[in-house]
Amino acid sequence: MNYRHAFHAGNFADVHKHALLVALIERLTRKPKPLFFLDTHAGRGHYDLQSADARRSNESHTGIGRLVGCAPASEDIARYLRLAGFDTANSEHLPASYPGSPLLALAALRDGDRVALIESHAEEARVLRNETRQRRHLSVIHGDGYAALQTYLPPKENRGLVLLDPPYESADEFETLASALKTAIGRWPNGMYAAWYPIKASREAVRFLASMQQSGIRKILIAELIARPSDSPTGGWSENRHLP
Ligand code: SAM
């Protein structure tokens with residue numbers, strides 16, 4: 001498994017996922033009670049957009065790069081950009097670095113909230129530990145994010161968010177994710193779960209969504225960003241898209 005998020009950091013999928021992550025945490029932090037955040041596939045926490053890996057793909061140019069100089073119409077997007085360290089109004093250039101989900105979440109959470117960050121790649125986990133070492137109530141685990149669902153759920157706070165953002169390198173990732181989600185929700189029905197999936201893998205994505213819908217989970221929000229018509233299972237955003 002060679003997935004390195006550095007090639008993709010700040011791309012349109014990261015922007016979509018991270019804007020949603022910040023919005024979910026903002027809603028959860030409206031109540032003063034402490035909460036628990038678990039990031040099962042955390043990455044290294046911070047990405048240098050000038051690195052050779054990032055420059056080879058230049059994916060951030062069509063992601064966060066497109067927001068440089070924009071005036072966000074929504075407070076959720078404005079907050080995400082602020083927490084990500086972008087001052088869009090006064091910036092004309094692509095920023096030099098981009099935060100990953102753990103650092104964005106930490107920026108949105110409060111000191112009293114508890115955080116567990118799981119990453120299976122040793123070097124990524126080492127960098128992440130370094131990036132977050134000042135923070136209290138935080139664990140960085142070099143290990144398997146799916147196994148961590150068993151370890152950490154249900155959390156004592158009984159409020160919070162689990163982000164599942166696997167790399168989809170293995171052919172059965174959708175099945176693994178669906179099964180992990182069902183087990184996790186069985187262990188902790190009160191939790192909020194956010195799972196990222198690629199819509200390019202359309203057949204698997206539709207099957208995954210159908211299995212989630214049939215699982216008895218009461219409230220599901222599907223938020224898909226179609227960047228190119230060919231990305232869509234139905235050839236573009238369609239209100240007629242039916243799940244089996
Ligand atoms: N969540 C990060 C963000 O938004 O900034 C990006 C995560 S990236 C899509 C997926 C990460 O999962 C990679 O860093 C990879 O090394 C790691 N990974 C792969 N398999 C894993 C597993 N079973 N458990 C935990 N981490 C895993």
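Details
- Amide H contacts of Ala9 (H built 1.01 Å from N, under 5 Å, at least 5 apart or other chain): none
- Contact order normalised by residue count of the chain, Cα under 8 Å, 6+ apart, percent: 22 percent
- Accessible surface of Asp172, taken over heavy atoms with a 1.4 Å probe and every protein chain present, rounds to 80 Å².
- FRET efficiency, 1/(1 + (r/R0)^6) with R0 41 Å, evaluated for Glu169 and Ala78 via beta carbons: 0.75
- Cα gyration tensor category, rounded, prolate or oblate, for the chain with a/c compared to 1.5: rounded
- The stretch between Lys156 and Ser215 holds 18.8 nm of extra length on full extension. This uses 0.36 nm per residue minus the Cα-Cα distance.
- Arg133/Ala96 FRET efficiency (R0 22 Å; Cβ-Cβ; nearest 0.05): 0.50
- Ranking by accessible area, most exposed first, for Leu67, Leu35 with a 1.4 Å probe: Leu67, Leu35
- When only Cα pairs below 8 angstrom with a gap of at least 6 residues are kept, the stretch 117-231 shows a relative contact order of 22 percent.
- Near the amide H of Ser139, within less than 5 Å, lie the amide hydrogens of Val115, Ala116, Leu117, all on another chain or at least 5 residues away, with H placed in the peptide plane.
- DSSP loop trypsin sites (Lys or Arg not before Pro) with at most 12 other Cβ within 10 Å: longest gap in the chain: 31-109
- R0 of 35 Å, Cβ-Cβ distance Thr183-Lys31: FRET efficiency to nearest 0.05: 0.85
- Fully extending the segment from Leu225 to Asp53, taken as 0.36 nm per residue of separation minus the present Cα-Cα distance, adds 59.5 nm.
- Positive-pole candidate from Ser101, Gly191, Phe12, dipole of the chain, charges at beta carbon: Gly191
- Distance (nanometres) between label positions extended 7 Å along Cα→Cβ at Arg110 and His61: 4.3 nm
- Whether the stretch 1-80 is rounded, prolate or oblate, judged on the alpha carbon gyration tensor where a/c under 1.5 counts as rounded: oblate
- Other-chain or far-sequence residues with amide H under 5 Å of Leu49's (modelled H): Ser97, Tyr98
- Cα centroid separation - the stretch 128-180 against the stretch 49-70, whole Å: 26 Å
- Cα-based shape type of the stretch 52-129, given that a ≥ b ≥ c are square roots of the gyration tensor eigenvalues and the cut on a/c is 1.5: oblate
- Percent antiparallel among DSSP beta bridges (both partners in the chain, rounded to 5): 15 percent
The values are calculated or read from the model by the stated rules, or taken from the named source; none is laboratory data. Because the structure is predicted, anything quoted here is derived from the model rather than measured. Glycine also receives a Cβ, built like all others from the backbone with ideal geometry; neighbour counts cover every protein chain displayed. To get the accessible areas, we keep the full protein, side chains included, count just its heavy atoms, and leave off ligands, DNA and RNA. Shrake-Rupley method; radii C 1.70, N 1.55, O 1.52, S 1.80 Å.
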